[in-house]
C-alpha cells in the first residue's frame with residue numbers, strides 16, 4: 001500500500017520546520033534559565049525569528065511550489081507576508097519586554113514560546129493549500145493566543161477576555177469547519193487548487209456550494225473581526241494584557257488576510273459574485289459600527305479595537321472589487337491594494353499599541369485616553385510620534401495610512417462602485433474625529449501626571465523607527481505597494 | 001428486513017433514547033452515564049458502516065478517557081441543577097422556535113437530491129481494512145497536518161501548565177540536623193537597651 005509515496009520536499013517549508021524545532025529547543029533551554037529577566041530566552045526567540053527570515057529569503061524561488069502532497073504552498077505572496085510577519089513579531093516582542101518584566105505572572109519563558117507557536121500557526125495559515133492545514137494553522141494560532149490572554153491570571157478582566165475569546169473562537173471555528181465540510185461535499189476535494197479546478201469544470205451543485213460559502217464567510221468574518229461577527233474584539237482587546245493586545249491586533253491580521261485570499265480568491269473565485277455581495281455588507285457595516293462606536297470610548301485599547309473593526313471593513317473593500325461582472329481585469333490591482341492596506345495597518349497598529357506599552361509602568365497601564373493628556377509637555381518627541389501614528393490611522397495625506405486608503409479607494413472606483421467609495425470616505429471622515437481627539441488631548445490639555453517617561457532605550461529607538469516608518473513609507477509608498485503587486489502577480 | 005437493518009434500528013433506538021436522557025436526566029451523573037451509552041451505541045453504528053477504526057476510537061477515546069474524566073468532574077463539583085434550570089421554560093418557546101426554523105432551513109438544503117448518496121457507493125470494497133489505510137495515509141499524505149496536530153496538543157499542554165502552575169510550594173519542614181547543631185545564641189538574642197527613667 002502506498003508504494004508510490006514520494007518523500008516530500010522539505011525545502012519550501014524550511015522556515016516552518018526551523019521555527020518548530022527552535023520553539024521546542026527554547027522550551028527546554030528555558031527550564032534551566034535562572035535569570036529573572038530571561039534574557040537568554042528572549043534573545044533566542046528573536047534570533048529564531050531572524051533566522052526564519054534569513055531562511056525565507058534564502059529558499060525563496062519566486063515560483064509557486066507545492067509540497068507535502070499539495071497541502072503546503074510556497075509562493076511569493078506567502079514569502080512576502082511571512083517576512084512582514086517575522087518583522088511584526090520581532091517588533092511586538094521588543095515592545096512587550098519591559099511590560100512583561102514589570103508583571104510577575106507574565107514574566108515566564110512560556111510567553112515567548114507561545115508567541116513562537118502562534119507565529120508558526122500564522123505561517124501555516126499563510127502557506128496553506130488545503131482546508132485541513134488552514135484549520136490546523138488557525139487552531140494553533142488561536143490556542144496560543146487564548147493562553148497568552150489568560151496568562152495574566154490575577155486580573156479578572158483578562159480571565160474574562162480569555163473566556164470570551166475562547167468560546168467565540170470555538171464557535172467561529174465551528175462555522176468555518178461546517179462551511180468547509182459543505183464545500184467538500186459539493187466538490188469532493190479539500191485541496192484549494194483542486195476545488196478551483198472542480199469549479200471551473202462545472203457540474204457542481206450550486207446550492208450546496210452557496211450553503212457552505214455562507215458558513216465559510218461567517219467563520220472568516222469572525223476571525224477578521226468584522227460586523228456582525230465583531231463582538232469579541234472590544235472585550236478581548238480591552239481585557240487582554242496590553243502586550244498581548246498588541247500581538248493580537250497586529251500579526252494575525254496578515255494571516256487572516258492570507259486565508260481569505262486562499263479560500264475565496266484562490267479556491268472559490270468562480271463564486272466571486274456570491275461572496276463579494278456578502279463582503280460588501282460586512283464591509284459597510286464594519287466601517288459604520290466600528291467608526292461610530294469608537295467615538296464613545298474612553299479607553300484607548302477599546303477605541304483601537306473599534307478602529308481595528310473599521311480598518312478590516314475598509315480592507316475588505318479591496319477584496320470585494322476584484323471581479324466585476326465576471327471580468328477579472330481589476331483583480332490584481334484590487335487584491336494588491338488590500339494587501340498593502342493590511343501591511344500598512346499592521347505597521348500603524350503595532351506602533352500605536354507600542355506607544356501604550358511605552359507609557360505603561362509597573363502597576364500603571366496607561367490605556368485610558370486621559371493618560372495621554374498633555375503628553376507633549378512630558379515628551380514632545382513621543383507626542384510627535386503618536387501624532388504621526390494617529391494621523392496615519394485617520395488617513396491624513398502623506399502618511400502610509402492615507403496611501404493605503406487611497407489604493408483601496410481607487411480599486412473600488414476602478415471597479416465602478418462609486419457609492420461604495422463615497423460611503424467609505426464618509427465613514428473615514430467620521431473616524432478621523434476620534435483619532436484627532438487623541439492628538440488634541442496630547443497637545444492642548446494639561447497632563448494628569450507630570451513624571452517623565454521611563455522606557456528603556458531600545459524601546460524608544462524602535463517606537464521612533466516605527467513612527468518614522470509610517471511617515472517615510474507615506475512619502476515612498478511605492479516601495480511596499482510594488483512589492484505587494486509583484487508578489488500577487490507571481491502568485492495568482 | 002435483513003439482519004443489518006434490524007441491528008441498525010435497534011442501535012438507533014438506544015442512541016435516541018440515550019441522547020434524550022442526556023439532556024433530560026435530573027442527576028448529572030445519570031446524564032453522563034447516558035452520554036457514555038450514546039457514544040458506545042454510536043460506535044456500534046459506525047462498526048455497522050464498516051468504519052471500524054472510528055468505532056474503536058470513539059470507544060477508547062470518548063468512553064474510555066474523556067467521559068471518565070467528565071464523570072470525575074461531575075462528581076467532584078457540586079452542581080446545583082435547579083439553579084441552572086431556572087428560566088428554562090420561559091426561554092423554551094423562543095429557543096424551540098429558532099431551533100425548528102434552523103432545522104427546517106437546513107433541511108430544505110440538505111434534503112435536496114444532491115445529498116442522497118446511494119448506499120452502495122458508500123460501502124467499502126471487501127478486504128480493505130480502514131484502520132490500515134488510515135494509518136498509512138496519516139504517515140504519508142497527511143504527515144504535515146498530523147505533525148501540526150501534535151504541536152497543537154503540545155501548545156495545549158504548555159497552556160494548561162502556564163495557567164495553573166503556581167511554583168513549588170514552600171512548605172514548613174524541620175531539619176533534624178539543624179536542630180541538633182543549634183546554639184543558644186541562635187535562639188536567644190540579648191539586647192542592650194538604655195534604662196528608662198521616669
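The values are calculated or read from the model by the stated rules, or taken from the named source; none is laboratory data. The structure displayed is predicted, hence computed values, not measured ones. Reconstructed Cβ throughout: ideal geometry from the backbone, glycine too, with neighbour counts over all protein chains shown.
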Completion exercise
Going through the stretch A:130-180 in order, the residues found to be free of Cβ contacts under 8 Å to residues at least 40 places away in the same chain and under 21 Å from residue A:251 (Cα atoms) are A:136, A:139, A:140, A:142, A:143, A:144, A:146, A:147, A:150, A:166, A:170
Practice task
Filter the stretch B:1-57 down to the residues that are assigned to a loop (DSSP other than H, G, I, E, B) and within 30 Å of residue B:135 (Cβ to Cβ), then identify the one that is nearest to the chain's Cα centre (by Cα).
Solution key: B:51
Problem - the stretch A:5-59, residues that are assigned to a loop (DSSP other than H, G, I, E, B), within 30 Å of residue A:102 (Cβ to Cβ) and touching a residue at least 12 places away in the same chain (Cβ under 8 Å) - result: A:33, A:36, A:37, A:38
Handout entry: Test for residue A:121: is it facing chain B (nearest Cβ under 9 Å), in contact (Cβ under 8 Å) with a residue 24 or more places away in the chain and in contact with a strand residue (DSSP E or B) (Cβ under 7 Å, 6 or more places away or on another chain)
Key = no
Practice task
May I ask you to list pairs of residues, at least six apart or on different chains, whose Cβ atoms are under 7 Å apart, with the first in the stretch A:477-492 being assigned to a helix (DSSP H, G or I) and the second being loosely packed, with under 15 Cβ neighbours inside 10 Å?
Solution key: A:490/A:62
Fill in the blank from the handout: All-but-one check, residue A:463 against (1) at pLDDT 90 or above; (2) surrounded by fewer than 19 Cβ atoms within 10 Å (Cβ to Cβ), failing number (2)
Problem - Contacts under 7 angstrom Cβ, first residue in the stretch B:119-143 being farther than 20 Å from residue A:132 by Cβ, partner modelled with pLDDT under 85 and surrounded by 13 or more Cβ atoms within 10 Å (Cβ to Cβ), 6 or more apart - result: B:123/B:50; B:124/B:50; B:124/B:130
Fill in the blank from the handout: Taking the stretch A:198-238 and keeping residues crowded, with 24+ Cβ neighbours inside 10 Å and out of contact with any helix residue (DSSP H, G or I) (no Cβ under 7 Å at 6 or more places or on another chain) leaves none
Handout entry: The one condition in (1) closer than 29 Å to residue A:492 by Cα; (2) in a loop (DSSP other than H, G, I, E, B) that residue A:396 fails to fulfil
Key = (1)
Exercise for the section: Answer yes if at least one residue in the stretch A:87-98 is surrounded by fewer than 24 Cβ atoms within 10 Å (Cβ to Cβ), within 13 Å of another protein chain (Cβ to nearest Cβ) and in a helix (DSSP H, G or I), and no otherwise. Expected result: no
Fill in the blank from the handout: In the stretch A:437-473, residues that are more than 21 Å from residue A:371 (Cβ to Cβ) and more than 23 Å from the chain's Cα centre (by Cα) total 3
Handout entry: Search result, residues across the stretch A:99-118 that are in a helix (DSSP H, G or I) and either more than 14 Å from chain B (Cβ to nearest Cβ) or within 20 Å of residue A:258 (Cα to Cα) (or both)
Key = A:99, A:101, A:115, A:116, A:117, A:118
Exercise for the section: Kindly indicate whether any position in the stretch B:118-139 is modelled with pLDDT of 90 or more, within 8 Å of chain A (Cβ to nearest Cβ) and part of a helix (DSSP H, G or I). Expected result: no
Problem - Number of the condition not met by residue A:62 [criteria: (1) touching a helix residue (DSSP H, G or I) at 6+ places or on another chain (Cβ under 7 Å); (2) part of a helix (DSSP H, G or I); (3) under 24 Å from residue B:144 (Cβ atoms)] - result: (2)
Fill in the blank from the handout: residue A:366 meets each of (1) touching a strand residue (DSSP E or B) at 6+ places or on another chain (Cβ under 9 Å); (2) more than 22 Å from residue A:271 (Cβ to Cβ) with one exception, condition (1)
Handout entry: Where residue A:247 falls short, out of the listed (1) surrounded by fewer than 23 Cβ atoms within 10 Å (Cβ to Cβ); (2) part of a helix (DSSP H, G or I)
Key = (1)
